[in-house]
Amino acid sequence: MYFSQLLLNVIQKFNGERSAMASFYLLKGKKSGQTIQDVTYFNLHRFFSIYPKLTQEEYKQQLFKLQQNNWIEEEDSLLRISHKGLKQLTGYTEPLFNGWELRGNEKLFWSRLELVVQTLSYFNKNETRFIPNQKDYSVHQFVKDYLRGRDYKSSTFQKDFKSQLEHLLQIAELQEIHRILLVYRMSGYHISGLTWEQLAQECGESIIDMKLQFVEALHIVLDNINQESHPDLIGLTKEIFVHSPLTQSALKTEQLLKEGYSIQDIAALRSLKANTIEDHLIEIAAADRSLSLTSFILNDQIKKVLEFSNKHQTKKLRLIRENIPELSYFQIRLALAKGEKENG
């Protein structure tokens, strides 16, 4: 039921203005201009890239269930939540994801944390040889460097680390299911974490519900780790948060814009289409509130677009352009991106 409600929530936020695949691309974290725009237009930052490994088959199976229950409707290739579907969100609490800043990196944090816990549990029993549960060589190297920088063989460090982890598990934002997943997935001295199948059976929920709630638990944990309360755990968060939301290609475009190049110039220099550079500019406008857009659209024009969008509760580009024909689609997209950033 967790995934069903989450998906209904996302579909509701799209306000009947996107196709069925929009939610799929959002949850996977597709780095396309359209998906990045949708994140900004509909304020969906928290859901971006929370399930990068979601398959189309899994997604379509879930959509089919929602359609079978008459919780969603499709018209002219656009998906919207039904009145019956809205009732399923009664009392629904927004999940505490931070997809925009984590982009799936919570899994890397977990790999580090689990290997540290496993290592310390064996050292606590005076055993230095064991088969690491994590197979990624880069994780092994990170954990080795992390432990070498600390007195990890001492009982004091081990007790402190355990105390900080226990403190983290008690934060108010975590629900009991979150704590169960975090603890039961952990491996230790001669103990392997439960599989998703075992957890689903233990909790009486689907595997996909377990995985998504686990991601939410990790996001909550990462948002609450701090130097004061968790001085040892914070070292495991190195390079986990994405400091710039821009794609690498958009960053290159941003640099050329700062150097004074026009959209056409940048397209020629980078052997890209002008439309692609425009997509990059939408990304940049959504990420950088201080960016001046006066070279592309005037402030009064931005205001006009936002007023129409708010009045009619729409982000449909065609509808907005029909009513403000003096602006191009690109200018309307820019106005929406800039406006939603400032309003959000």
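The values are calculated or read from the model by the stated rules, or taken from the named source; none is laboratory data. These numbers were taken from a predicted model, which means no experiment stands behind them. Cβ: placed from backbone, ideal geometry, glycine included. Neighbour counts: every protein chain shown. Accessible surface areas use protein heavy atoms only, side chains included; no ligands, DNA or RNA. Shrake-Rupley method; radii C 1.70, N 1.55, O 1.52, S 1.80 Å.
What's the number of the only condition in (1) more than 19 Å from H190 (Cα to Cα); (2) assigned to a helix (DSSP H, G or I) that L115 fails to meet?
(1)
Answer yes if at least one residue in the range 74-86 is of a type in the set (D, E) and under 17 Å from K211 (Cβ atoms), and no otherwise.
No, there is no match, as no residue in the range 74-86 is of a type in the set (D, E) and under 17 Å from K211 (Cβ atoms).
Conditions tested, residue by residue: (1) of a type in the set (D, E, K, R); (2) free of Cβ contacts under 8 Å to residues at least 60 places away in the same chain; (3) open to solvent by 70 Å² or more (accessible area, probe 1.4 Å).
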residue	(1), (2), (3)
K65	yes, no, yes
E74	yes, yes, yes
G85	no, no, no
L89	no, no, no
N98	no, no, no
L102	no, no, no
L115	no, yes, no
Q118	no, no, no
F123	no, yes, no
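Tally up the residues in the range 37-78 that are touching a Phe, Trp or Tyr at 6+ places or on another chain (Cβ under 7 Å) and more than 23 Å from I207 (Cα to Cα), please.
3
I need a count of the residues in the range 205-227 that are more than 21 Å from L102 (Cα to Cα) and either open to solvent by 70 Å² or more (accessible area, probe 1.4 Å) or of a type in the set (V, I, T) (or both). Talk me through it step by step, then tell me what you get.
Looking only at the range 205-227, we keep the residues that are more than 21 Å from L102 (Cα to Cα), and these are 205-207.
Then drop every residue that is not either open to solvent by 70 Å² or more (accessible area, probe 1.4 Å) or of a type in the set (V, I, T) (or both), which leaves 207.
Number of matching residues: 1.
Mind telling me which of the residues K30, K65, K60 ends up being within 23 Å of K211 (Cα to Cα), at pLDDT below 95 and not hydroxyl-bearing (S, T, Y)?
K30 is the lone residue from the list that is within 23 Å of K211 (Cα to Cα), at pLDDT below 95 and not hydroxyl-bearing (S, T, Y).
For a quick check of your reading: which helices (runs of 4 or more DSSP H) sit entirely within the range 138-241 and have at least 1 residues that are out of contact with any Asp or Glu (no Cβ under 7 Å at 6 or more places or on another chain) and of a type in the set (F, W, Y)?
Of the helices (runs of 4 or more DSSP H) lying wholly inside the range 138-241, those with at least 1 residues that are out of contact with any Asp or Glu (no Cβ under 7 Å at 6 or more places or on another chain) and of a type in the set (F, W, Y) span 176-184, 196-203, 207-224.
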